[in-house]
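The values are calculated or read from the model by the stated rules, or taken from the named source; none is laboratory data. Bear in mind the structure is a predicted one, so any value in this text is a computation, not a measurement. Reconstructed Cβ throughout: ideal geometry from the backbone, glycine too, with neighbour counts over all protein chains shown.
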Amino acid sequence: MTEESQPTVFSLIIDRKIPADIVYENDAVIAFKDINPKAPVHLLVVPKNPAFRNVSELAAGDPTILAEVVRVAKELATKFCGGEYRLVFNEGESAGQTVFHVHAHVLGSGLDGALTEGSLGD
């Protein structure tokens, strides 16, 4: 939960209070398609525990879940992108983080095409 004790949009998705195009779920994480994609494949991998606002907090507080996020990202990239992908964590508002519930962006070109250097800088 955020400092204001309001659930994040990701908590609402986890609790099935708002819809999402879910592509993976287990006891620890959920993954779904980003509603504002920046690449042909743009998935979010989100720990179900809302206690960690960013990747640094997650790494310090529960590195096992961080490893699970990375494992799931690789599994999804294999399925959707042929195994080649970018894994991005934004940390802080000025770095582009808009939801303060840690999450990883899995970005790829899909099974056809390629991402170019600098193509996702917006």
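Just a few scattered comments:
- Residues being over 23 Å from PHE80 (Cβ atoms), without any contact (Cβ under 8 Å) to a residue 40 or more places away in the chain and in a helix (DSSP H, G or I) - total across the range 7-23: 1
- Restricting the range 63-97 to residues that are touching a helix residue (DSSP H, G or I) at 6+ places or on another chain (Cβ under 9 Å) and exposed (fewer than 13 other Cβ atoms within 10 Å of the Cβ), the residue that is farthest from GLU25 (Cα to Cα) is GLU84.
- Unmet requirement for VAL69, which otherwise passes all of (1) touching a residue at least 12 places away in the same chain (Cβ under 8 Å); (2) more than 10 Å from the chain's Cα centre (by Cα): (2)
- Cross-chain or 6+ apart pairs with Cβ under 6 Å, the range 74-89 first and under 10 Å from VAL106 (Cα atoms), then part of a helix (DSSP H, G or I): TYR85/ALA77; LEU87/ALA73; PHE89/VAL55
- For ASN26, the criteria (1) free of Cβ contacts under 8 Å to residues at least 24 places away in the same chain; (2) more than 22 Å from SER5 (Cα to Cα) hold in every case but one, which is (1).
- Within the range 1-40, the only residue that satisfies the criterion of being modelled with pLDDT under 95 and touching a helix residue (DSSP H, G or I) at 6+ places or on another chain (Cβ under 8 Å) is MET1.
- Looking across the range 41-51, the residues that are surrounded by fewer than 20 Cβ atoms within 10 Å (Cβ to Cβ) and touching a helix residue (DSSP H, G or I) at 6+ places or on another chain (Cβ under 9 Å) come down to LYS48, ASN49, PRO50, ALA51.
- Filtering the range 11-40 to residues that are surrounded by fewer than 19 Cβ atoms within 10 Å (Cβ to Cβ) and small (Gly, Ala, Ser) leaves only ALA28.
- Members of the range 4-22 found to be within 14 Å of the chain's Cα centre (by Cα) and more than 12 Å from VAL99 (Cα to Cα), listed by number: ILE13, ILE14, ALA20, ASP21, ILE22
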